[in-house]
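Have a look at the structure below before the remarks.
The values are calculated or read from the model by the stated rules, or taken from the named source; none is laboratory data. No experiment lies behind these values; they were computed from the predicted model shown. In this analysis, Cβ positions are derived from the backbone assuming ideal geometry, glycine residues included, and neighbour counts consider all displayed protein chains. Keep in mind that these areas ignore ligands, DNA and RNA; they rest on the heavy atoms of the full protein, side chains included. Shrake-Rupley method; radii C 1.70, N 1.55, O 1.52, S 1.80 Å.
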Amino acid sequence: MAELTALESLIEMGFPRGRAEKALALTGNQGIEAAMDWLMEHEDDPDVDEPLATPLGHVLGREPISSGQGPGSTAGEGKPSLSEEERQEQTKRMMELVAQKQREREEREEREALERERQRRRQGQELSAARQRLQEDEMRRAAEERRREKAEELAARQRVREKIERDKAERAKKYGGTVGSQPSPSPTDPGPVPSSPSQEPPTKREYDQCRIQVRLPDGTSLTQTFRAREQLAAVRLYVELHRGEEPGGGQDPVQLLSGFPRRAFSEADMERPLQELGLVPSAVLIVAKKCPS
């Protein structure tokens, strides 16, 4: 049975003649399968239909024209022609080969698509992991910054408390004595009640303690018992130690006032005993901020 040339077989399968000739020439006339592979791989090229510049000669399935041939001679003279049945059989084989090549190409493209998808997912996972690591690093740095700021704030508060304690200790040392350790106030024992009007009036009692109530500017009050011979400075020191910290951390000296009669105690009064100032056995004092001199 006569065989079709590679060029004729490609044309029989429906490939344009120009493409078939180009495929055979560029594959070195290595067979129809190589030409078909080239045609499938380059079917979408924009220049696939552009003809080659060099003559193709016998690589395209045609015998070159020799100098002894006449102008009307052809390379195919004397070659037996194929019957219709042979041509159809050979065309069928070629179409099966084309279908096989097409399947192989589709499988290859599917594998490549799956590989690209795996790479895309892997890159996405790597990007997500990198983003998560970045967020964790930022959160860790923010937590460290908050801890550092908290430590600095606590250190600053500690310095303020230490300064306040030093100031209180210096004032206590300056005025001498201890305050705040006196026993809790107890009701004063009243004098004996005369059994009858005919008895002699009781003599004036000497008090050795003094119960002082101090009203603070915020409306609260402090109550403490002092010795009658203690100086008024002991009362002021007690107030400064127990009035609490004012907003802003400042602790200004206070000034003591008496309600009735209205009187503002001076620095000289601070050295005088409570008994001498008429604050025994009890008195109510008012605290006001001391104005700067």
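The figures follow:
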quantity	calculated
Extension gain, residue 220 back to residue 103 (0.36 nm per residue minus Cα-Cα distance, nm)	32.5 nm
Residue-level accessible surface for residue 207, protein heavy atoms, 1.4 Å, Å²	80 Å²
Sequence ranges 16-22, 278-284, ranked by mean other-Cβ count within 10 angstrom, highest first	16-22, 278-284
Segment 91-184: C-alpha pair distances exceeding 23 Å, %	70 percent
Listed peptides 271-277, 43-49 by packing density, highest first (mean Cβ within 10 Å)	271-277, 43-49
In Å², nearest 10: area of residue 139 left accessible to a 1.4 Å probe	130 Å²
Most to least packed among 219-231, 125-137 [average Cβ atoms within 10 Å]	219-231, 125-137
Amide H partners (placed H, <5 Å) of residue 29, local residues excluded	none
